[in-house]
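*Asks:* Sharing a structure here in structure tokens format.
Since every read-out is calculated from the coordinates, none of them should be taken as a lab result. Bear in mind the structure is a predicted one, so any value in this text is a computation, not a measurement. Positions of Cβ are backbone-derived with ideal geometry, glycine not excepted, and every protein chain shown enters the neighbour counts.
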Amino acid sequence: MPTQHTTVKRHPERGAYDRATIDSILDEALLCHLGFVTDGRPFVIPTIHARDGDTLYVHGSPGSRMLRTAKEGVDICVTVTLLDGLVLARSVYNHSMNYRSAVVLGRAREVTDRDEKLRAMQRVVEHVLPGRWDDARQPNDGEIKGTTILALPLDEASAKIRSGPPTDDDADLELPVWAGVIPLKIEPSDPIPAAGVGSSPPAYAARYRRLT
Ligand SMILES: Cc1cc2nc3c(=O)[nH]c(=O)nc-3n(C[C@H](O)[C@H](O)[C@H](O)COP(=O)(O)OP(=O)(O)OC[C@H]3O[C@@H](n4cnc5c(N)ncnc54)[C@H](O)[C@@H]3O)c2cc1C
């Protein structure tokens, strides 16, 4: 259910609050933007995320101001956006974008349990590149200790989705102006091997796709 702070007000029909919708957006998006206030000023920092059930994880260096601030239990806001298309209307005013976005509000806790940390690291890797965790060297103790991981519960979240053709004013429908949608999606190119790699890329890299 939407809360006072997650209720979509403009185009409320585009708002969604069910976890299946929110989860699908979080899971497809490669990165999020994490907003927080420190020293009386707002900052919004891009970072990788991963969902595991009812928890959203972010990770990084213990020196990261974003993580150092968020782990103090201050209110944070995590936003993800999937851009699906450019919407060209007959009028400039009615141009738009097709998108699926999600906003998660809450307070994060630092993950200190070694098993949960490792599991969260796995989720992050598998979120970005399913199949990679088992192929690459696993994190050693120093790397686990040297990674800060925060867990944000998915208790207060919303999604907003715009899809479909442009919405033109009736008076504009006869204008000789092209209108429609330019679909957009992430389209990987062929993998480029690092120096010293003689083998072909594994299937998950050669045929990388996001979820949809
Ligand atoms: C696609 C992507 C994925 C990332 N994934 C992660 C991740 O998983 N974990 C992680 O810790 N970091 C990640 N980063 C880096 C992250 O955005 C920060 O740069 C990083 O956390 C360093 O924080 P800091 O404490 O040094 O910066 P801060 O001390 O928070 O930043 C100080 C100032 O530096 C500038 N700044 C910091 N980062 C950026 C930036 N990315 N772009 C432009 N200006 C910036 C801003 O002006 C900011 O106010 C990612 C960045 C991108 C673009």
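*Asks:* Give me the tail of P(r) for region 1-44 as a percent: Cα-Cα pairs with distance above 16 Å.
*Replies:* On the way: 562 of 946 pairs.
More than 16 Å apart: 59 percent of the Cα pairs in region 1-44.
*Asks:* Compute the signed sum of charges (Lys and Arg +1, Asp and Glu -1) over the other residues within less than 12 Å, Cβ to Cβ, of V92. Could you put the intermediate results ahead of the total?
*Replies:* Numbers: positive: R90; negative: D168, D169, D172.
With Lys, Arg at +1 and Asp, Glu at -1, the net is -2.
*Asks:* Still on this structure, please answer the following. If you line up the long axis of helix 114-128 against the longest principal axis of the chain, both from Cα atoms, how many degrees apart are they, to the nearest 10?
*Replies:* 40 degrees
*Asks:* FRET efficiency for W133 and W178, Cβ-Cβ distance as r, R0 = 41 Å, nearest 0.05? All intermediate terms of the calculation are to be shown ahead of the outcome.
*Replies:* On the way: r = 46 Å, r/R0 = 1.12.
E between W133 and W178, to the nearest 0.05, is 0.35.
*Asks:* Another question, if that's okay. Under 15 Å from the Cβ of T167, count the other residues' Cβ atoms, weight Lys and Arg +1, Asp and Glu -1, and hand me the total. All intermediate terms of the calculation are to be shown ahead of the outcome.
*Replies:* Numbers: positive: R10, R14, R90, R162; negative: E13, D168, D169, D170, D172.
Taking every Cβ under 15 Å from that of T167, the sum is -1.
*Asks:* What translational D, rounded to a whole number of µm²/s, comes out for region 81-212 from Stokes-Einstein when the hydrodynamic radius is the Kirkwood one over Cα pairs, at 10 °C and 1.306 mPa s? Before the final figure, lay out each step's value.
*Replies:* Values: Rh = 19.2 Å.
For the chosen part, D equals 83 µm²/s.
*Asks:* Between E143 and S61, what is 0.36 nm times their sequence separation minus the Cα-Cα distance? Round to one decimal in nm. Could you put the intermediate results ahead of the total?
*Replies:* On the way: separation 82, 0.36 × 82 = 29.52 nm, distance 1.01 nm.
Contour length minus the Cα-Cα distance gives 28.5 nm.
*Asks:* Could you tell me the center-to-center distance, by alpha carbons, between region 109-123 and region 128-203 in angstrom?
*Replies:* Their Cα centres are 23 Å away from one another.
*Asks:* Just to check, using Stokes-Einstein with a Kirkwood Rh over alpha carbon pairs, what's the diffusion coefficient of region 153-212 at 37 °C and 0.692 mPa s in µm²/s?
*Replies:* Values: Rh = 17.1 Å.
Translational D for this selection: 192 µm²/s.
*Asks:* In debye to the nearest 20, how big a dipole does region 1-70 give about its Cα centre with +1 on each Lys and Arg Cβ and -1 on each Asp and Glu Cβ? Spell out each step's value before the answer.
*Replies:* Numbers: 8 positive and 8 negative charges, 80 e Å.
With only Lys, Arg, Asp and Glu charged at Cβ, the dipole is about 380 debye.
*Asks:* Same structure, new question: Taking the Cα centre as origin and putting +1 on Lys and Arg beta-carbons and -1 on Asp and Glu beta-carbons, what dipole magnitude results for the chain, to the nearest 20 debye? Numbers along the way, then the final one.
*Replies:* Numbers: 26 positive and 29 negative charges, 95 e Å.
With only Lys, Arg, Asp and Glu charged at Cβ, the dipole is about 460 debye.
*Asks:* With Cβ to Cβ distances under 12 Å as the rule, what net charge do the other residues near I144 carry (K, R +1; D, E -1)?
*Replies:* Numbers: positive: R114, K117, R119, K145; negative: D113, D115, E116, D141, E143.
Every neighbour counted, the sum reads -1.
*Asks:* Name the lysines eligible as straight-distance cross-link partners of K145: C-alpha to C-alpha under 29 Å, and not fewer than 8 places from it in the same chain.
*Replies:* Partners within reach: K71, K117.
*Asks:* Taking the Cα centre of region 7-117 as the origin, how large is its charge dipole in debye, to the nearest 20, when only Lys and Arg (+1) and Asp and Glu (-1) carry charge on their Cβ atoms? Provide the component values of the computation, followed by the final result.
*Replies:* Numbers: 15 positive and 15 negative charges, 99 e Å.
It works out to roughly 480 debye.
*Asks:* Something else about it: Extending each Cα 7 Å along its Cβ direction at R41 and D27, get the distance between those two points in nm, one decimal.
*Replies:* 3.9 nm
*Asks:* Considering only A50, G73, A157, whose Cα is most displaced toward the positive end of the charge dipole of the chain, charges sitting on Cβ of Lys, Arg (+1) and Asp, Glu (-1)?
*Replies:* The listed residue farthest towards the positive side: G73.
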